[in-house]
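Structure, as structure tokens:
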Amino acid sequence: MVQHVTVRLAGSAIITGVHDQADLVAAGGPQFEAALASFVTGNRLAGGVAGVVYGDELAWSAGAGYADLAAQKASDPAMLYAIASITKTFTGTAIVQLRDAGRLDLDDPAVAWLPELRQAASPFGPIETVTIRRMLSHESGLPAEPPGTDWAIPAYQGDPEQTLRQAGEIAVMLPPNAEHKYSDLAYQLLGAIVTRASGIPYPRYVQEAILRPLGMAATGFAPLPAGLPGRRATGYDWRALSDELDPAPAMPPVWAEGGLWSCVEDLATWLSFQLRAHRDPAAPSPVLSAASLRQMHKPRYLAGDGWAEAWGISWCATRQDDVAWIGHSGGLPGYTSTVCFDPETQVGAIVLLNGTTASAGLAMDLAATARRLARSAPPPIRPPAPAPREYLPLLGIYARPGLGGWLLRLEWRDGKLTVTTGESAGWQLVLAPTGDPDTFTIESGADLTGDRVRFRRLPGGQVGSVLLMQTTWERLEPAGASA
């Protein structure tokens, strides 16, 4: 049983000039539906739902199988699923919000906010080596789970205050930055830091500072608001020796490390929010700046020896074929989930299952199909953006004195002040303005990220040279130009 729905996200902006790509992605519905149905039947699951995002649009969504077997209720993209560890991307966003507001620093030791951690064993150095930044990217060395966890029951201590009362039972397992060690415990404690740094209980903070501004009204922590509990899909346990599936045992309460419930449409809003940071960095955001979002997406280190997976701040990048998909997966008794996206082609995918099996492969396959469809259309052609008047005196050809042939071009290219070595722009630096009109910084993406670039003016006010890459480059005047 497959139900198909296609929607445009409420309040979303239309990407000018790319309707062809969006239509092409939506036209892949039969391929997406076949992949979802084959996955559900092939893995003997009760059911699942999925969606494909293009820019600000949920281009396709559908359900396959059943949300509740006993009631014979069909899967529907509007149903709510426990998204488990995808919640960590919201927790990381909350922490970075507080960093941007000056309430904390990512390099703060966790113990500065959670003094109870002084009771934890730290055999590899002072407990101060467990920092917020390392916790965010799973390189703090903290254990995987809180004390007393037993997933067979399941027994799980989801209250961070209770966990902190048991801090003497916690021990750092690895030296910081030694290797990837995924830690639910670290994120549970990050939720406590959100509470203490903001003065607002973590669940309420996420609701007020992230979910509500983005219009994610169907996403939240238990107990869910009125009207939402009836939309939950029933989670089913592992298949044993029969095709009959039993409902999964109830999960103890959990919050910052994996407690959110959500649906396809709300998670499409979440992915579009991530994609917008790469497509339109100057667009205002009610939640987090584009620069901070891109910082979260940027890899910090490789996980494992295969060079196929890297971790940023709360997000993981997985290389499949020629694409590094940014995403996160989650799993709790009865539910598994994955979201992933590709900033370059502005596509993403969502998979929510009310059963237990790895969902990342399906999500990346759906997204790869969408990417292929989007790339099959000719690129949009837009009118060029005019150069700002204050930049016009800076544009020109610059030469390094004494070395003929070493020329740089300072151009207004693709809406940015750009340094290139020629028309092909195989190498280029993008300059970002500062408070001084003659001083810029080099944007990220190059070895020179953050370096200052200073233009120097002659007595008459015209630009005479630029200090770039610790080298002075003199501006060449066109032949016949007045002195």
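Summary of computed values
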read-out	value
Flag for Ala233 being at pLDDT below 95 and aliphatic (A, V, I, L, M)	no
Ala283 being crowded, with 19+ Cβ neighbours inside 10 Å, modelled with pLDDT under 95 and more than 12 Å from the chain's Cα centre (by Cα)	no
Looking only at region 21-61, and only at residues there that are of a type in the set (S, T, N, Q) and modelled with pLDDT of 95 or more, the one that is nearest to the chain's Cα centre (by Cα)	Ser61
Filter result for Pro379 (open to solvent by 10 Å² or more (accessible area, probe 1.4 Å) and at pLDDT below 95)	yes
Selection count, region 36-64, where residues are at positive phi and open to solvent by 10 Å² or more (accessible area, probe 1.4 Å)	1
Single residue of region 435-461 satisfying the filter (under 20 Å from Gln295 (Cβ atoms) and in contact with an Asp or Glu (Cβ under 8 Å, 6 or more places away or on another chain)) that is surrounded by the most Cβ atoms within 10 Å (Cβ to Cβ)	Ile442
Pair list, Cβ < 7 Å and 6+ apart or interchain, from region 378-400 residues that are within 21 Å of Leu467 (Cβ to Cβ) to residues that are open to solvent by 60 Å² or more (accessible area, probe 1.4 Å) and of a type in the set (Asp, Glu)	Tyr398/Glu474; Ala399/Glu474
Yes/no for Gln97 being at pLDDT below 95 and either crowded, with 21+ Cβ neighbours inside 10 Å or under 30 Å from Pro225 (Cα atoms) (or both)	no
Enumerated helices (runs of 4 or more DSSP H) restricted to region 120-205, each holding at least 3 residues that are under 27 Å from the mean Cα position of the chain (by Cα)	132-136, 184-198
Counted residues, region 125-141 - those being of a type outside the set (Val, Ile, Thr), surrounded by 16 or more Cβ atoms within 10 Å (Cβ to Cβ), without any contact (Cβ under 8 Å) to a residue 60 or more places away in the chain and more than 17 Å from Pro160 (Cβ to Cβ)	2
Residue in region 393-426 that is modelled with the highest pLDDT, counting only those that are among the polar types (S, T, N, Q) and open to solvent by 50 Å² or more (accessible area, probe 1.4 Å)	Thr421
Residues of region 322-337 that turn out to be open to solvent by less than 20 Å² (accessible area, probe 1.4 Å) and either within 19 Å of Arg232 (Cβ to Cβ) or more than 15 Å from the chain's Cα centre (by Cα) (or both), as a count	5
Residue list for region 340-355, restricted to those being buried (at least 24 other Cβ atoms within 10 Å of the Cβ), of a type outside the set (Gly, Ala, Ser) and in contact (Cβ under 8 Å) with a residue 60 or more places away in the chain	Phe341, Gln346, Val347, Ile350, Val351, Leu352, Leu353, Asn354
Residues being touching a residue at least 12 places away in the same chain (Cβ under 8 Å) and of a type in the set (Gly, Ala, Ser) - total across region 207-249	9
Pairs with Cβ under 8 Å, 6+ apart, first in region 107-122 and under 16 Å from Tyr187 (Cα atoms) and among the β-branched types (Val, Ile, Thr), second open to solvent by less than 70 Å² (accessible area, probe 1.4 Å) and not in a helix (DSSP H, G or I)	Val111/Val130
Qualifying residue in region 356-377 (condition: over 30 Å from Asp23 (Cβ atoms), touching a residue at least 60 places away in the same chain (Cβ under 8 Å) and in a strand (DSSP E or B))	no
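The values are calculated or read from the model by the stated rules, or taken from the named source; none is laboratory data. Keep in mind that this is a model prediction, so the values were computed, not measured. Because the Cβ atoms are built from the backbone with ideal geometry, glycine has one as well, and the counts that use them run over all protein chains shown. Calculation scope for accessible area: heavy atoms of the full protein, side chains included, ligands and nucleic acids excluded. Shrake-Rupley method; radii C 1.70, N 1.55, O 1.52, S 1.80 Å.
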